[in-house]
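Q: Sharing a structure below in structure tokens format, with a few things to ask.
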Amino acid sequence: RPTTPYHTPPTLSLHSTMAYDKQDLTRARKERKQSESTNVYMKLLIQLYTYLARRTDSKVNKTILKRLKQTRQFQRPMSYSRIGMFMRTNNRLADKKIAVIVGTVVDDTRDMEPVRGLRVCALRFTRSAKERIIARGGECITFEELARIAPTGNNVVLFRGSRRTETKKHFGRPGQPGSHAKPHAAKHAGRKSRKERNPGLTRSK
């Protein structure tokens, strides 16, 4: 009976490379399963849209739920004028569609011709933005009202603010080699700052 040769296991050297899972490199990132926010209103909204995403076959509800669970740095603000610019296209205003922003709607005083009849749903509205929308015949909608108006996501347009926010420009270590972080403005060298450096300095009469 022929015997099979015995194969000795290969010896590992100090220069050998470790094995890695190739599938892990192309695997999609997992979504956040729950929010770490302590805000009771946000927790109730997450419960509401968890129910809607499970009971309806709507991608809009699933997207809103995903964005509600994200951190505040991803719930970026959006200006009133920018929403109006996008709602002017494709007859969205004529069809009375609702612009949905999972974030804050801020005012933009540079817009000389604000859009009339704008329907916006957002987490928060600044006072001036809310007054401008209502004054032009628009409507400010909360997410619980949106669940009653459009439970399946019909006539809803999702928007998001720009990623290039001012806060994000300062992330990192400015001044270090290879860093592209924007430095914060230096403290104004006025009378008070000079007085802090020199406590005995008094204002000349």
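Q: Could you list, in sequence order, all residues of region 120-133 that are open to solvent by 60 Å² or more (accessible area, probe 1.4 Å) and outside any helix (DSSP H, G or I)?
A: Arg124
Q: Being modelled with pLDDT under 95, under 30 Å from Val40 (Cβ atoms) and of a type outside the set (S, T, N, Q): is that true of Val106 here?
A: Yes.
Q: Right, another one. Can you say whether Glu113 is closer than 21 Å to Arg92 by Cα, open to solvent by 30 Å² or more (accessible area, probe 1.4 Å) and assigned to a helix (DSSP H, G or I), as far as the supplied structure shows?
A: no
Q: Still on this model: Cβ-Cβ distance below 7 Å, separation of 6 or more or different chains: which pairs start in region 140-152 with a residue that is open to solvent by 20 Å² or more (accessible area, probe 1.4 Å) and end on one that is part of a helix (DSSP H, G or I)?
A: As it stands, the answer is Cys140/Lys130; Cys140/Ile133; Cys140/Ile134; Glu144/Leu48; Pro151/Leu52, since those pairs meet every condition given.
Q: Across region 72-93, which residue is surrounded by the fewest Cβ atoms within 10 Å (Cβ to Cβ) among those that are among the aromatic types (Phe, Trp, Tyr) and part of a helix (DSSP H, G or I)?
A: Phe86
Q: Taking the options Lys69, Lys33, Lys96, Lys22, name whichever one is buried (at least 19 other Cβ atoms within 10 Å of the Cβ) and either of a type outside the set (A, V, I, L, M, F, W, C) or modelled with pLDDT under 85 (or both).
A: Of the residues listed, the single one that is buried (at least 19 other Cβ atoms within 10 Å of the Cβ) and either of a type outside the set (A, V, I, L, M, F, W, C) or modelled with pLDDT under 85 (or both) is Lys69.
Q: Within region 170-186, take every residue that is small (Gly, Ala, Ser) and farther than 19 Å from Gln73 by Cα and give me the one that is least open to solvent (accessible area, probe 1.4 Å).
A: Here the residue is Ser179.
The values are calculated or read from the model by the stated rules, or taken from the named source; none is laboratory data. Everything numeric here is computed off the predicted structure, so don't read it as measured data. Using ideal geometry, Cβ is built from the backbone for each residue, glycine included, and neighbour counts are taken over all protein chains shown. SASA here: full protein model, heavy atoms, side chains in, ligands and nucleic acids out. Shrake-Rupley method; radii C 1.70, N 1.55, O 1.52, S 1.80 Å.
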